[in-house]
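For reference, the structure is listed below as structure tokens.
No value in this document is a laboratory result; all are computed from the given coordinates. Since the model is a prediction, treat every value here as computed from it, not as a measurement. Neighbour counts run over all protein chains shown; Cβ positions are idealised from the backbone, glycine included.
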Number of protein chains: 2
Amino acid sequence: MKLNLGPTDRMYPMPCPLVVGGTMEAADALAVAWIGTAGGTPPSIGMALRKTRRTLELIRENGDFTVNIGPTSRAAEIDLCGIVSGHNVDKWELTGLTLEPSRSVSAPIIAQFPYNLECRVTNEVELGEYVFVIGEVIESHAEESILSQDGKTVDVGLLDPLMYIPGSREYRGIGPKLADAYSIGKQFLPPKE
Amino acid sequence: MKLNLGPTDRMYPMPCPLVVGGTMEAADALAVAWIGTAGGTPPSIGMALRKTRRTLELIRENGDFTVNIGPTSRAAEIDLCGIVSGHNVDKWELTGLTLEPSRSVSAPIIAQFPYNLECRVTNEVELGEYVFVIGEVIESHAEESILSQDGKTVDVGLLDPLMYIPGSREYRGIGPKLADAYSIGKQFLPPKE
């Protein structure tokens, strides 16, 4: 039997990258689970940010941001960047994470995180206490060590991305591969003659 | 060493629910991995849909949609709904999935999927060949069998949600719990005196 649970913001599961705004001189990082791909042509990322966030101020000042996907081994650093505010503390000093310049945007990328997207803001949508920010992904970086043998595709098992689970407020990693997409569903199609 | 991989729409990982548009009489379902929470006040979901999709037509006709999170055991049904078009085939007949009326919107929910969100469209953002659709989540449903002991929170282990991995184009499930959020990061804070 299904129970009604009322309005909710809980999706399962959620990615949990660090979003960086600012410059090499003054940057802030925020753990953002309310984020996902927003389009393919041009490739775009969208994310919900609370209006009070220091990272949002920096994104608006420079018109760009980076998305940095960390491995599960960095759960503590990512968590810290969701707990405290860049208005009050220096997250870089606390966590020991360091920055590298991006190629095409002001916002730097996180050196220790193996997958990084450079994004230029294209749209903002006001939604109550949040702003939904959409950015075009104009460059991406990956550590050689997390690439598949083709050298062009991220091996998600090597990336080992952190996920956030709302409700129970916990972090998890990904499980093993279950099936090929664009393939396993074909069993429902009538046989070709 | 980091390599530049160019513009990309690949985030890791992605959820992979079925989004339903239409009515009990005429509905279509689409597997949507480009989806996530878009705000908290009001609770909102955002998703990128290719403009040619039948499901988008139905969402625009009625102004609402549902998000239906399926377990990994339904990977084949979800995959089928991303492979074929509702313009040409009846996905309900092919997969055997059935519909139940929603409480507050025209779009029905999928009976066999244990977590369902009812959404009313609030915003659309045009992004090239895609439309980013934002909807307010006005009701949610969960099977009693996937709830935690408090009866109010989804137990994500029991839900066992399917994820999509771009690039390698595969489906995965979630791994075990690694850490408590809003907690593990506190190790970086100075001790309170």
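Need one number: nm distance between label points at residue A:41 and residue A:73, each 7 Å from Cα along Cα→Cβ, rounded to one decimal.
Taking the two extended label points, one gets 4.1 nm.
How shielded is A:53-66 by partner chains, expressed as the average number of their Cβ atoms within 10 Å of its Cβ atoms?
0
With each label point set 7 Å from Cα along the Cα-Cβ vector, what nm distance links residue A:180 and residue A:100?
The two pseudo-label positions are separated by 3.3 nm.
Could you give, in nm with one decimal, how far residue A:177 is from each other copy of that position, shortest first, with labels 7 Å out from Cα toward Cβ?
Sorted ascending, the copy-to-copy spacings read 3.0 nm.
Taking only DSSP H segments of four or more residues, each worth -39500 (n - 2.57), what value at 222 nm results for chain A once the sum is divided by all its residues, to the nearest 500 deg cm²/dmol?
After summing the helix terms and dividing by residue count, I get -3500 deg cm²/dmol.
How much length, in nm to one decimal, is gained on full extension between residue B:1 and residue B:144, taken as 0.36 nm per residue of separation minus their Cα-Cα distance?
46.6 nm
Need one value for B:39-52: mean number of C-beta atoms belonging to other chains within 10 Å of its residues' C-beta atoms.
6
Just subtract the alpha-carbon distance of residue A:50 and residue A:187 from 0.36 nm times their residue separation and send over the number in nm, one decimal.
44.9 nm
Averaging sequence separations of C-alpha pairs under 8 Å and six or more residues apart, then dividing by the length of chain B, give the relative contact order as a whole percent.
This gives 23 percent for chain B.
At a Förster radius of 51 Å, what calculated FRET efficiency corresponds to the Cβ-Cβ distance of residue B:24 and residue A:152, to the nearest 0.05?
Numbers: r = 45 Å, r/R0 = 0.88.
In this case the efficiency is close to 0.70.
May I ask you to list the trypsin sites (Lys or Arg not before Pro) in the range A:18-117 that are in a DSSP loop and have at most 16 other Cβ atoms within 10 Å of their Cβ?
Sites meeting the loop and neighbour criteria: A:51, A:103.
Kindly provide the trypsin sites (Lys or Arg not before Pro) of the range A:159-193 that DSSP labels as loop, not H, G, I, E or B, and whose Cβ sees at most 12 other Cβ atoms within 10 Å.
Listed in order of number, the matching sites are A:169, A:192.
Can you work out the Karplus-derived ³J(HN,Hα) for every residue in the range A:52-68? Use 6.51 cos²θ - 1.76 cosθ + 1.60 with θ = phi - 60°, whole Hz, and x for glycine or proline.
7, 6, 4, 4, 5, 4, 5, 4, 5, 5, 9, x, 7, 7, 10, 10, 10
Please identify the GluC sites (Glu not before Pro) of the range A:10-75 that satisfy two criteria: DSSP loop assignment and at most 12 other Cβ atoms within 10 Å. Which are they?
Numbers: sites: A:25, A:57, A:61; in loops: A:25.
Here the GluC sites (Glu not before Pro) that fit, given the DSSP loop and packing criteria, are A:25.
Could you tally the net charge around residue A:175, taking each other residue with its Cβ under 10 Å from the Cβ of residue A:175, Lys/Arg +1 and Asp/Glu -1?
Net local charge, residue A:175 excluded: +2.
Please report A:153, A:98 as a ranked list, fewest other C-beta atoms within 10 angstrom at the top and most at the bottom. Don't jump to the answer; show the numbers that get you there.
Values: A:153 17, A:98 10.
Taking fewest neighbouring Cβ atoms as first place, the list is A:98, A:153.
Net charge within 10 Å of residue B:97 by Cβ-Cβ distance, Lys/Arg positive one each and Asp/Glu negative one each, not counting residue B:97 itself?
Combined, the nearby Lys, Arg, Asp and Glu give 0.
How many partner chain Cβ atoms sit within 10 Å of a residue's Cβ in peptide B:148-155, on average, as a whole number?
Shielding by partners across B:148-155 averages 3.
Between the range A:1-30 and the range A:153-185, what is the C-alpha centre distance in whole Å?
16 Å
Cβ under 9 Å from residue B:80's Cβ, residue B:80 left aside: what net charge do those residues give with Lys, Arg +1 and Asp, Glu -1?
After counting each charged neighbour, the total is 0.
Give the calculated FRET efficiency between residue A:85 and residue B:126 to the nearest 0.05, with a Förster radius of 45 Å applied to their Cβ-Cβ distance.
The computed FRET efficiency comes out at 0.85.
Using Cα positions and a limit of under 16 Å, work out the lysines in reach of residue B:2, with same-chain residues fewer than 8 apart set aside.
Partners found: A:152.
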